[in-house]
1. Tell me which residues, restricted to the stretch 93-119, are over 14 Å from ILE5 (Cβ atoms) and either at pLDDT 90 or above or assigned to a helix (DSSP H, G or I) (or both).
2. Please go through the stretch 58-79 and give me each residue that is buried (at least 16 other Cβ atoms within 10 Å of the Cβ) and of a type in the set (D, E, K, R), ordered by number.
3. For the stretch 6-48, which residues satisfy the criterion of being surrounded by fewer than 19 Cβ atoms within 10 Å (Cβ to Cβ) and of a type in the set (Gly, Ala, Ser)?
4. Residue check: is ASN123 out of contact with any helix residue (DSSP H, G or I) (no Cβ under 7 Å at 6 or more places or on another chain), more than 30 Å from VAL179 (Cα to Cα), touching a residue at least 12 places away in the same chain (Cβ under 8 Å) and of a type in the set (S, T, N, Q)?
5. ALA55 - would you say it is surrounded by fewer than 19 Cβ atoms within 10 Å (Cβ to Cβ), of a type in the set (Gly, Ala, Ser) and either within 17 Å of LEU104 (Cα to Cα) or assigned by TED's automatic domain parsing to the domain that holds ILE84 (or both)?
6. Sort out which residues of the stretch 11-27 are without any contact (Cβ under 8 Å) to a residue 40 or more places away in the chain and in a helix (DSSP H, G or I), and write them in order of number.
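The values are calculated or read from the model by the stated rules, or taken from the named source; none is laboratory data. Bear in mind that the values here come from a model prediction, so they are computed numbers and not experimental data. Positions of Cβ are backbone-derived with ideal geometry, glycine not excepted, and every protein chain shown enters the neighbour counts.
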Amino acid sequence: MYKVITGFNNYSDPNLDVLGNSAVTDLTANAHFTFVNGELIALTTNQNTYHIKLAAVATGNALAVTEKNIARKDLLASLRIIAIQVNLQADGALLKLQSSGLPLATVPQYHAQSAPEGFIVDNGNSGELYAKVNKSPVGDSGTVFAYTLAANTVTNPEQWTLKPVNSHSITLKNLTPGVEYKVSAAYKGNDEDDLVWAPPVNKFANI
């Protein structure tokens, strides 16, 4: 979900001044957001004070630097409160967030997964089967969902016995020797979409 940054401690003094001014300008009379507890008033006041104190630092006066640092702390606090409110009220709506004058946080890039490639099922030891798939072509964290159950009972893989693993292979253990099992697999997409299944493979567990 999209959101704006809520912490700005790493901003330089000039960049913080630009950010504060942008937030005040874009949030004033912004129909997407309502601040009922004076958050925007406080931000406007603290931004104006910071802008004045920052300009005064050019005199080289030690007191001016101290006052600027105090004003910076107040502005950072106001920006954090405003950013939290923006995230709550926008609820992930990109256009609303972009209208706030606040920078967007880095958003994970999601990729839809296809059905697994190179899916094979081989015999293992007695009462075992070995299932393997290729690495996902769009990239994943190494997690494969393998599902198993006795053949000819349930055809929908979503209702099969879940065997999650953190690699691209799994040894299915504690099966009944001599019984035919149906095995399928799906990549775990980081977008949490519905899993896309490989065609099931029927295999007898070794005796």
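1. Answer for the stretch 93-119, where residues must be over 14 Å from ILE5 (Cβ atoms) and either at pLDDT 90 or above or assigned to a helix (DSSP H, G or I) (or both): ALA93, LEU94, LEU95, LYS96, SER99.
2. GLU67, LYS68, ARG72, ASP74
3. GLY7, SER12, SER22, ALA29, ALA31, GLY38, ALA42
4. Numbers: out of contact with any helix residue (DSSP H, G or I) (no Cβ under 7 Å at 6 or more places or on another chain): yes; more than 30 Å from VAL179 (Cα to Cα): no; touching a residue at least 12 places away in the same chain (Cβ under 8 Å): yes; of a type in the set (S, T, N, Q): yes.
In short, no.
5. yes
6. Passing the criteria: ASN15, ASP17, VAL18, ASN21.
Matching residues to (1) in contact (Cβ under 8 Å) with a residue 24 or more places away in the chain; (2) among the aromatic types (Phe, Trp, Tyr); (3) in contact with a Ser or Thr (Cβ under 9 Å, 6 or more places away or on another chain):
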residue: ALA29; (1), (2), (3): no, no, no
residue: ILE41; (1), (2), (3): no, no, no
residue: THR66; (1), (2), (3): no, no, no
residue: ASN87; (1), (2), (3): yes, no, yes
residue: GLY92; (1), (2), (3): yes, no, no
